[in-house]
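This report concerns only the one structure given below.
Each reported figure results from applying straightforward, stated rules to the coordinates on display, with no laboratory input. These figures come from a predicted structure and were not determined experimentally. Cβ sites come from the backbone with ideal geometry, for glycine too, and all protein chains shown count toward neighbours.
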Amino acid sequence: MNRDLLNKLKNEQALDTAERLDLEQALERGEASPAAQWMSQLHDEDPSMAWRSQLNAKLQEIAPAPAKKRFNWLGTSAIAAAGVCAAFVLFTMNRPPAVTEPQPHDRVAGVSTSNNDLGTVLMTAHQADDAQIAAGVRAPMRTIDVGYDWSSLESR
Amino acid sequence: MKHLLRASMLFIVAAGSCLAFAQQPPTPEALVKRLSDGAKKVTYAGVRSVTMRMPEGRTRSFEERILRKGLRWVITYPDNSPYAGQAVYELEGKSYNYNAAKNEVRVAPSRFADAVTETIRPPRGGGSLIAKAGTTVASRSTWVIEAKDREGVVRQRIWVDRNEALILKREVLDSKGNVFAGFQFTSIRFNASIPKGAFDLPRGAKIITLDAELRQLAKEAGITPAILDPKTGYTLAGVSKMEVKGVTILRQFYVSETGRVSLMQTKKAPESMNPGTQSRRFRVYTWESGGQAYALIGEMDQKELEKLAKRVKLLGRD
């Protein structure tokens, strides 16, 4: 049995629970069994400091370098987009309400109406007629009408 | 002495109370009734300043000289006016615009009938009338009636003479309080002597009806004219054309006892005829038919406009 244990130790084979118990008891008792003697002859060598420092150096060499913080385009873009959205929402919420009554300030006839869409011009035309009827006033046709719109010159 | 002082104080208080009571404005309804009842009797010669925002958004101001006897009016213009040489006659519910240079008379329904007899009423959709003391206009004391909409925004003001059945000043306002159209007498003489024949239409002038004018303007614009069926109760009150972004729009303005609408028509709309921003008061209904684009605009809901739009038909077709 003891020889079996010795062989296992020499061959660095795994010991079962009973064998580990036997070995521990034999070592405690200081028996001169082959297994205990073989164990006592084992040299418990402390590793030198030089060896440790070499090991540390090697470990440092082979250890993977700590990952550098790489610029995360995806995350940054998402944050930037969220910021733009938030700014837009704030701008929209704080913007004065849309004008309910059209306020055109361009002439209609023959000139640019870039500030007015067609619908707004038509709406204003109706409002003007409506207000004139309500007020009981009217603008007659100009007396001499040669078919030219002079207001473009009058405004300069 | 003590009694005299006490009596004087009492007199002052009583007189002040009487004065304060006398300055209380009549109710708006009472003022409106007085105006309406007196419209047929008032006679005057007056000068008034007229202001109106034109369809293109510009404001135009000019002076009018008015002779009025009851419901008959004649308006002329000073020599330096762009309307010099013209006269507008308001006779028996019709308006006659005489142009001496062209020797023609354009006939349309009276533009003043409603303003004279109905004077002022709460805005469509609900509102209120308020009367209070007004400023002096043409050296005459006035009461003011304000017509407010449901939101409390003043849409119209009239300054009524305290002794005569006449509006001395009138303002029709937009939602921001800007004057859209109005007038103000600068001087007036009541019970003036009206020259004989002042209301006689010039003889020999060419008569141009609105119907003829509509056909003429449509022809110039290359548009097949359409009209709002008269059976709807709407009467054509004005016709004109305007240029917007190089496109000719034929405009017709209709009035009825219940509302006022504009019918806009063009060969081909360059863009939507609906405004980018919706008005709180007015609605627009647009459609296309037979290669022409139409828009109907009025102070009514969309369904009512749509119903009216179905009654638009080409002129001359029943």
### Query
With labels modelled as points extended 7 Å from the Cα through the Cβ direction, what inter-label distance (nm, one decimal) is found for B:LYS310 paired with B:LYS268?
3.0
### Query
In this model, which of B:LYS169/B:LYS267; B:LYS219/B:LYS307; B:LYS245/B:LYS313; B:LYS102/B:LYS219; B:LYS219/B:LYS245; B:LYS176/B:LYS219 are farther than 31 Å apart at the alpha-carbon?
B:LYS169/B:LYS267; B:LYS176/B:LYS219
## Note on the structure
Within 10 Å of the Cβ of an average residue in B:86-93, the count of other chain Cβ atoms is 1
## Note on the structure
Rounded to a whole number, the mean other protein chain Cβ count within 10 angstrom for residues of B:167-177 is 3
### Query
So which of B:LYS69/B:LYS231; B:LYS148/B:LYS231; B:LYS33/B:LYS148 end up more than 26 Å apart by C-alpha?
B:LYS69/B:LYS231; B:LYS148/B:LYS231
### Task
With a point put 7 Å past each Cα toward its Cβ, work out how far A:ALA139 is from A:ASN56 in nm, to one decimal.
9.6
### Query
Counting only the backbone N, which residues of segment B:195-230 are under 12 Å from the spot 7 Å out from the Cα of B:GLU92 toward its beta-carbon?
B:201
### Query
Which distance in nm do the two modelled labels at B:ARG72 and B:ARG124 give, with both placed 7 Å along the Cα-to-Cβ direction?
3.4
### Query
In segment B:134-182, which GluC sites (Glu not before Pro) fall in coil by DSSP and have 16 or fewer other Cβ atoms within 10 Å?
B:GLU151
### Peptides ranked, highest mean first, by Cβ atoms within 10 Å: ranges B:153-160, B:218-225, B:86-93
B:153-160, B:86-93, B:218-225
### Task
Tell me the trypsin sites (Lys or Arg not before Pro) within segment B:232-275 that lie in a loop according to DSSP and have at most 14 other beta-carbon atoms within 10 Å.
B:LYS268
